[in-house]
Every structure is written in C-alpha cells, then in structure tokens.
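Chemist: The structure is given below, and queries will be raised subsequently.
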Amino acid sequence: MTKKDQLGQIFRFALVGGVNTCTFFGCYLLLHPWMPYFAAYTLAFLLSMIGSFFMNTYFTYRTRPTWKKFLFFPLTNVTNYVIQSVGLYALVTWAGMDTRIAPLVAAVVAIPFTFLLSRKILVPGAPREAEPAPRPPSSSTV
C-alpha cells in the first residue's frame, strides 16, 4: 500500500468518523431526555456502530461487508467503548462536565485506536508497506 493510499484511508476514516460522531451525538441527544444519560449513551453508541461498519467497509476500506466482519467489528469498538466510557464517567463525575457535551469530548481520545483496530478487522491480511526487494549481489569480475 502506498503512502497516498494510506493517507486516503485516513482521510476517509476521518470523514466517516465525523459523520458517525454526528449520528451518535444526534441519537444521544434524542434519547437523553427519555432515559438516564449512560443508557442513552450506550444505545446511541450501538446504533452508530452499525452505521460505522457499513460506512467503513464500503467507503473507508473499500471492501465487501460480510457477516464475519460484521460479527468481529464490535471487537474493534470495545477499546473505543471502554476509553469513551471511562472518559465520560470521569468528565461527568469528577470534572462536572455537562452530560450533553462530555460524550463528544470523550470520543476524540478514542479515534486513533479505532482506526487501527477497524483496519485490522475490515481489511484482514492487508499488506504492510512493501519492502524493496533485496538486490542481487553484484557479480563483477575483475
């Protein structure tokens, strides 16, 4: 994979992440008045994760979605969920941050982890950067 391809993936991932974050946050704000903030957060997270799977398979990594990938994709989000959940709890409980804003702040921290893990799941066996082929020893005769 060339650096240009990698940068393209990172750009598309960021774009999908932005759309996904807006989807998550919109769902969270809609659910928040009807249930406790952490329940609203969890349900919004699950709904946006399904959308994220399809956006990342089709757009970011340009691969075909499969049931196997769909079933493994949540594993890529476990780290994301744990980082965001701990961050959310800390921001609300210890820092006194508004429960409407704290999920957005906590989400920013998890972005690099999610990219690396989702790429590993959605593009299994993706070749690493090609190393140059070894040069044959010179056979010069003197």
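The values are calculated or read from the model by the stated rules, or taken from the named source; none is laboratory data. Keep in mind the model is a prediction, meaning the values are calculated, not measured. All Cβ positions, even for glycine, are placed from backbone atoms using ideal geometry, and neighbour counts span all protein chains on display. Note: areas computed on protein heavy atoms with side chains; ligands, DNA, RNA excluded. Shrake-Rupley method; radii C 1.70, N 1.55, O 1.52, S 1.80 Å.
Chemist: Taking the options Phe54, Phe70, Phe59, name whichever one is part of a helix (DSSP H, G or I), closer than 15 Å to Leu117 by Cα, open to solvent by 30 Å² or more (accessible area, probe 1.4 Å) and at pLDDT 90 or above.
Modeler: Result: Phe70 is the single residue among Phe54, Phe70, Phe59 that is part of a helix (DSSP H, G or I), closer than 15 Å to Leu117 by Cα, open to solvent by 30 Å² or more (accessible area, probe 1.4 Å) and at pLDDT 90 or above.
Chemist: Right, next: Contact list please: Cβ distance under 7 Å, first residue in segment 24-38 and within 16 Å of Met49 (Cβ to Cβ), second residue open to solvent by 60 Å² or more (accessible area, probe 1.4 Å), pairs at least six apart or on different chains.
Modeler: The qualifying pairs are Phe25/Leu104; Cys27/Leu47; Leu31/Leu43.
Chemist: Are any of the residues in segment 100-120 in contact with a helix residue (DSSP H, G or I) (Cβ under 8 Å, 6 or more places away or on another chain), at pLDDT 85 or above and assigned to a loop (DSSP other than H, G, I, E, B)?
Modeler: yes
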